[in-house]
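The values are calculated or read from the model by the stated rules, or taken from the named source; none is laboratory data. Bear in mind that the values here come from a model prediction, so they are computed numbers and not experimental data. Note that each Cβ is placed from the backbone with ideal geometry, even for glycine, and that neighbours are counted across all protein chains shown. We work out accessible area using only protein heavy atoms, side chains counted, and drop any ligands, DNA or RNA first. Shrake-Rupley method; radii C 1.70, N 1.55, O 1.52, S 1.80 Å.
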Amino acid sequence: MAGMVEQRSIDVVPDAERHGSAFSQFTLWLGANLQITAVVTGALAVVFGGGVLWSLIGLLLGNLLGGAVMALHSAQGPRLGLPQMISSRAQFGVRGAVVPLVLVIVMYVGFFASGSVLAGEAVGELTHLGDTTGIVIFALVTAVTTVVGYRLIHTLGRLASIVCALAFVYLGIRLLERADLTTLLADHSFHLPLFLLAVSLSASWQLAFGPYVADYSRYLPRATSPRATFWWTLGGSALGSQWSMTFGVLVAATAGGAFLDNQVGYVVGLGGAGLIASFLYFVIALGKLTVNVLNTYGGFMSLVTGIGGFRQQRTISPRVRALYISGIMVAGTAIALVGKDSFLTSFKDFLLFLLTAFTPWSAINLVDYYLIAKERYDLPALSDPHGRYGAWRVGALVVYGIGLLAQLPFLATSFYTGPLVAPLGGTDISWIVGLLVPAVLYWLVARRDTGHVPDRMILFAEPGTRTEATLR
């Protein structure tokens with residue numbers, strides 16, 4: 001096992017260790033999205049009042065828009081060879097990047113917890129040990145897989161993409177045997193607030209991957225085409241999520257309360273009993289394992305990035321790695337055990353609230369990478385608070401704060417509704433504001449302050465040295 005454990009953390013992946021092809025992003029993100037939580041997310045569009053036809057269209061639009069933003073982050077991985085959130089130091093400063101990092105870590109723990117609830121039900125049924133024990137078993141398997149790292153994560157994604165796809169084909173056939181698809185699609189009435197709710201649900205699903213998507217493309221060879229990385233990532237993520245969410249919409253529209261009362265049990269019961277039921281419980285657990293490993297791995301990277309900014313630390317020992325991962329597992333599992341009985345009602349607000357934290361970060365990161373720095377970063381300086389990027393970049397932090405505040409008047413959740421939501425017919429457009437406002441503001445601020453942008457990409461060479469190279 002020791003020889004299998006990944007040795008890299010937030011340090012640059014040397015060219016000699018690069019491997020794989022852009023297609024690996026398709027299988028990883030397809031497998032990560034063919035899972036029960038995505039089904040529930042799609043179902044919410046109908047649960048909260050939307051019709052089947054326009055819910056499906058809204059979900060598709062959100063998956064494509066949010067997925068495109070997420071895939072633009074993925075394309076950074078091969079070029080930089082770094083985890084996603086490390087590149088935030090170029091915008092926010094080596095220590096200033098801790099501000100969005102804190103919120104990112106909360107996201108990872110929250111998704112770990114919410115995913116563990118549904119996966120724990122499946123594991124509990126499969127082992128006949130109950131939900132609580134199922135959640136604990138699932139968390140332990142997630143932690144072990146995360147400790148091993150990158151290669152095992154991609155292997156798990158390939159396995160899940162095949163197994164879960166076959167299961168969803170079978171479940172889709174079973175569902176259509178019960179449902180009259182023509183009748184379900186017959187209602188063409190359009191309600192803008194409900195349509196935008198569907199867009200927001202799927203867009204938030206995709207945007208939430210943004211802070212860690214490059215973690216899983218950073219080992220690709222540096223010469224990997226950015227376009228190939230973008231399209232394979234978008235294709236896998238949008239296809240997998242739309243497939244799952246479409247299934248969720250149709251299940252919610254046909255099953256009603258039977259699905260809401262027991263999401264896992266209903267989906268498995270739809271497939272059959274006996275060995276088939278056991279297989280479907282396994283599929284649910286496998287799908288959730290794939291995405292929960294991503295959440296745990298991303299949380300580990302974010303913790304190391306945040307702490308490393310103050311300690312100027314690039315590498316950690318396997319023991320410390322295991323401790324970080326264990327901490328995330330314990331926190332996520334504790335939340336799952338406490339909140340497992342009120343999962344569905346809180347999940348919608350959790351997804352929508354995430355947008356307020358991560359859309360401004362995505363906007364700033366992408367504008368800087370593609371429009372200001374134009375893919376030219378000083379990689380050694382990303383670990384030096386006294387270097388090119390400094391410890392705190394006040395301009396970006398102020399823009400980020402404005403981006404957060406700008407969304408509040410347009411935000412609609414159960415615990416807070418902004419004053420401009422009612423005039424818009426109850427429509428939540430906070431995520432659109434959260435992308436556009438900080439993108440424009442950061443471009444206006446950063447284009448006048450490009451002294452920190454190098455002429456060429458500056459790379460790490462051997463330990464203790466640095467070299468400059470122009471990447472073509």
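His19 contributes an accessible area of around 50 Å² to the protein surface, as traced by a 1.4 Å probe with all chains present.
Ligands, DNA and RNA are left out, and with a 1.4 angstrom probe the accessible area of region 264-336 is 36 Å² per residue.
Relative contact order of region 12-143, taken over Cα pairs closer than 8 Å and 6 or more residues apart, is 16 percent.
Any chance you could check the Cα centroid distance between region 54-112 and region 414-429 for me, in angstrom? Each part reduced to its Cα centre gives a spacing of 25 Å.
log₁₀ I(q)/I(0) of region 16-61 at q = 0.13, 0.19, 0.23 Å⁻¹, via Debye over equal Cα point scatterers, no solvent, to two decimals? Those come out to -0.46, -0.70, -0.84, one per q.
Here the label points at Asp449 and Ala277, each 7 Å from Cα along the C-beta direction, are separated by 6.2 nm in the simple model. In this simple spin-label model, placing a label point 7 Å from the Cα along the Cα-to-Cβ direction at both Leu53 and Ile162 gives a separation of 4.0 nm. Helix content alone sets the calculated 222 nm mean residue ellipticity of the chain: runs of n ≥ 4 DSSP H residues at -39500 (n - 2.57) each, divided across all residues, give -22000 deg cm²/dmol.
When only Cα pairs below 8 angstrom with a gap of at least 6 residues are kept, the chain shows a relative contact order of 30 percent. Within the accessible area of the chain, the carbon and sulfur atoms contribute 67%, probe 1.4 Å, all protein chains present. Over region 105-237, accessible surface divided per residue gives 39 Å², non-protein components excluded, 1.4 Å probe. Span-like helix check, the chain: qualifying full DSSP H segments, with Cα axial length of 18 Å or more and mean Kyte-Doolittle of -0.5 or more, are 52-74, 98-127, 131-148, 150-178, 192-207, 226-255, 275-311, 318-339, 343-367, 394-407, 430-446.
Contact order, relative form, for region 177-321: 17 percent (alpha carbon pairs under 8 Å, 6 or more residues apart, mean separation divided by residue count). A simple spin-label model places the labels of Phe190 and Arg311 5.5 nm from each other, with each point 7 Å out along Cα-to-Cβ. Packing, taken as the mean count of other beta carbons within 10 Å per residue, orders the peptides 165-174, 50-59 from highest to lowest as 50-59, 165-174. Hydrodynamic radius of region 191-318 by the Kirkwood approach over all distinct alpha-carbon pairs: 18.1 Å. Please list, ordered by chain and number, the residues whose modelled amide H lies under 5 Å from the amide H of Asp378; skip anything fewer than 5 residues away on the same chain. Answer set, sorted by chain and number: Ile458. Can you give the percent of C-alpha pairs in region 376-457 whose distance is more than 15 Å? When all Cα pairs of region 376-457 are counted, 66 percent exceed 15 Å. Each of (i) 1.02; (ii) 1.09; (iii) 0.95 is a candidate for Cα Rg over 2.2 N^0.38 Å; the one calculated from this structure is (iii).
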